[in-house]
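Data block below; observations after.
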Amino acid sequence: MFESLSDKLQAVFDKLASKGKLSESDVNTALREVRLALLEADVNFKVVKEFIDRIRARAVGAEVMNSLTPAQQVVKIVHEELIELLGKPVPLDLSGPPPHVIMLVGLQGAGKTTMAAKLALRLRKSGQRPLLVAADIYRPAAIQQLEILGKQIDVPVHSEGTDVPAATIAKNAVRLAREKAYTTVILDTAGRLQIDEQMMQELEQVRMVTRPAEILLVVDAMTGQEAVHVAEGFNQRVPLTGLIMTKIDGDARGGAALSVRYVTGVPIKFLGTGEKLADLEPFQPDRLASRILGM
Amino acid sequence: FQENEITEALWEELEETLIMGDVGVATTMELVERTRDRVEREGIKSTRDAYLVLKQEMVRLLESDEPLHIDEPRILTVVLVVGVNGSGKTTTIGKMAHYYKQRGRKVVLGAADTFRAAAIDQLKIWAERAGVDVIAHEPGADPGAVVYDAIRASQESRKADLLIVDTAGRLQTKFNLMKELEKIRGVASKLVHRAPHEVLLVLDASTGQNAISQAKSFKESAGVTGIVLTKLDGTSKGGAVLSIKRELGVPVRFVGTGEKLEDFALFDPVAFVEGLLGDS
Ligand SMILES: Nc1nc2c(ncn2[C@@H]2O[C@H](COP(=O)(O)OP(=O)(O)OP(=O)(O)O)[C@@H](O)[C@H]2O)c(=O)[nH]1
Ligand SMILES: Nc1nc2c(ncn2[C@@H]2O[C@H](COP(=O)(O)OP(=O)(O)OP(=O)(O)O)[C@@H](O)[C@H]2O)c(=O)[nH]1
Ligand SMILES: [K+]
Ligand SMILES: [Mg+2]
Ligand SMILES: [Mg+2]
């Protein structure tokens, strides 16, 4: 369905070809296509602006202007710069003495509970002893959901119903982990809006009593322009250590990953690639860059 | 005599506001273009009036003449609720049950998401909050069979006039899962004349340009007739619905504005557009 960026740029340069050597304004025309592609991929408006400024310097250089294949050259530069911005894949930080607490946070419906189970499965397979914690006391049947998932992957779930504060549940879970020698504690927190003061305070309390090694923001690949504000909102209250993008098994371009990475600077750690608990992939910058460009 | 306040910077600012509201580039350009034409034609000179024109154009695009089929008198109205994973379907159904119960309808819910862990338990909790019945099978059961039973029960033992069916979340690119929706439609249409009478696509307001792909695919496979725009209590504006209306003609019907039973309302284009444009 998408006409790829390369084709669009080719069309731009074909129109200009007759004029001989490319001018700076020719390159700017091409960069407008790049801007459009990034906006269609849901990269934030302001991030796009800064990104284009950043690649303009390279694009008006000799690399492109003297090239016989300027369209390919522009795509190459954009692709390289995207990879650079997306950053290197970083594994989970499980240094320090166990139990390591991993806390998942994010908007409603982003995929936190599913991701908690996916991480538990991955950790169990790598020889860890994970404990899942039902710290969402609000969403109807959130505890049952986590218990069902825990059973599917043979990982225990700590829950205390819906009347105990999330921070208490989390704290008790860490103590239990020490007693029973669980090596990782994965906290499934309730979905919340970054502007919900009371709910953000709850996250701060959970963090305070559990001292997580990882606080991971779970972001839906379909998220639009507001991804930056969401990420900033969470990052201000509970300093994030990583991002996870879910639902990339669909046809969303996933530009939100770039926006979030750009404003928070924290690394992207994993991608959720389906509803099954094995559907988890480490993040690969080159693939995500191609996806964002619709290639 | 009025001095002309309208400059190129204004048009750029409007473009930025719309794109940041997830309206999408093509629809943004068209709306701004139309506003510029009218500003010229109508001799408008103040920024305030230019905004008013844009607002009018956006509201006009969002308004729909098509009646909402849920409100028509009918022995049994069947509403099918569809959408991608986590958009807010089950929650919306709980709120919608409450909304229509309050308006004197006898509502039953059909738990045709037999796939997602604890989806049935979740719907049952919502049904209890709203004070309506649920027809459910065991996890893993055939959704078509659930719909069959839910319609039968609505017609016979429960004497309901409104059945709302929950379905499992699915990404629009999953061919087999989209086929399943066609099957569910088939079951409904065999048992009730012209059912489903409304097929509502539940769309998360924080969704960006993928919303258009969702609307296209769910319209094709499930015959979507309207949209419920959820999570409007967040900071996202949900502007993608303008592109959906422009490209596919599918109107927004309801909005979700929170996680409580009452956080649900009919879609109001004026309020929506004001939210999108901010205090400008
Ligand atoms: N296709 C697909 N679906 C996913 C993925 N991750 C999660 N889901 C689905 O998305 C929906 C929401 O997932 P949850 O794990 O319940 O999300 P959550 O963030 O815990 O939701 P709340 O607790 O309500 O905030 C469910 O239907 C999941 O099956 C993914 O990577 N791909
Ligand atoms: N803030 C806010 N949250 C909402 C709204 N509607 C739904 N939610 C939340 O979004 C999350 C997902 O809602 P569900 O109703 O489970 O979504 P679903 O589409 O049924 O999800 P699947 O069945 O997994 O595809 C839950 O945490 C809900 O409480 C809304 O209007 N505002
Ligand atoms: K979502
Ligand atoms: Mg959850
Ligand atoms: Mg559901």
- Message: Using each residue's phi in region A:98-110, evaluate 6.51 cos²θ - 1.76 cosθ + 1.60 at θ = phi - 60° and report the 3J(HN,Hα) Karplus result to the nearest Hz, with x for Gly and Pro.
- Response: x, x, 8, 9, 10, 10, 9, 10, x, 5, 4, x, 5
- Between B:D133 and residues 5 or more places away or on another chain, the pairs with built amide H atoms under 5 Å apart involve B:L109
- Note on the structure: In region A:230-279 the accessible area split gives carbon plus sulfur, as whole percent at 1.4 Å, a share of 49 percent
- With θ set to phi - 60°, apply the Karplus curve 6.51 cos²θ - 1.76 cosθ + 1.60 along region A:269-286 and write out the HN-Hα couplings as whole Hz, x wherever there is a Gly or Pro. 9, 9, 10, x, 10, x, 7, 7, 6, 8, 7, 9, 10, x, 6, 10, x, 5
- Phi-derived 3J(HN,Hα) across region B:210-221 with the Karplus relation (6.51, -1.76, 1.60, θ = phi - 60°), rounded Hz, x for Gly and Pro, is 5, 4, 5, 4, 4, 4, 4, 5, 5, 5, 5, 7
- Task: Collect residues whose amide H, placed 1.01 Å from N in the peptide plane, falls under 5 Å from the amide H of B:D233; neighbours closer than 5 in sequence don't count.
- Result: B:G258
- Message: If you restrict to DSSP beta bridges whose two residues both lie in chain B, what percentage is antiparallel, to the nearest 5?
- Response: 10 percent
- Message: How are the alpha carbon pair distances in the protein assembly as shown distributed across 10 Å bins from zero to the largest one, expressed in percent?
- Response: 3, 17, 25, 25, 18, 9, 3, 0, 0
- Task: Using a 1.4 angstrom probe on heavy atoms only, work out the carbon and sulfur share of the accessible area of chain B in %.
- Result: 49 percent
- Message: Need one value for B:171-180: mean number of C-beta atoms belonging to other chains within 10 Å of its residues' C-beta atoms.
- Response: 2
- Query: With heavy atoms of protein chains only and a 1.4 Å probe, what residues of region A:216-258 have at least 50 Å² less accessible area in the full set of chains than alone?
  - Reply: A:M222, A:Q225, A:E226, A:D249, A:D251
- Around B:K216: net Lys/Arg minus Asp/Glu count, Cβ-Cβ under 12 Å: -2
- Roughly what % of DSSP beta bridges within the protein assembly as shown run antiparallel, to the nearest 5? 10 percent
- Protein heavy-atom accessible area occluded, B/A pair - total, 1.4 Å probe, Å²: 3100 Å²
- Message: If you restrict to DSSP beta bridges whose two residues both lie in chain A, what percentage is antiparallel, to the nearest 5?
- Response: 10 percent
- Within 10 Å of each Cβ of B:206-218, how many other protein chain Cβ atoms are there on average? 6
- Query: Mean projection of the alpha-carbon convex hull of region B:169-280 over all orientations, in nm²?
  - Reply: 7.9 nm²
- Message: Using Cα springs under 10 Å in a Gaussian network model of chain B, which residue among B:S221, B:S157, B:S236 shows the largest mean-square fluctuation?
- Response: B:S157
- Over all directions, average the projected area of the Cα convex hull of chain B and note it in nm². 15.2 nm²
- Message: In chain B, once you exclude exposed GluC sites (Glu not before Pro) (DSSP loop, at most 14 other Cβ within 10 angstrom), what's the longest stretch remaining?
- Response: B:157-261
- Between A:L131 and residues 5 or more places away or on another chain, which pairs have amide H atoms under 5 Å apart, with H built 1.01 Å from N, and which residues are they? A:T184, A:V185, A:I186
- Charge tally for neighbours of A:V74 with beta carbon under 13 Å away, counting Lys, Arg as +1 and Asp, Glu as -1, is 0
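The values are calculated or read from the model by the stated rules, or taken from the named source; none is laboratory data. As the structure is a prediction and not an experimental result, all values here were calculated from the model. We place every Cβ from the backbone using ideal geometry, glycine too, and count neighbours over all the protein chains shown. All accessible areas refer to the heavy atoms of the entire protein, side chains included, with ligands and DNA or RNA removed. Shrake-Rupley method; radii C 1.70, N 1.55, O 1.52, S 1.80 Å.
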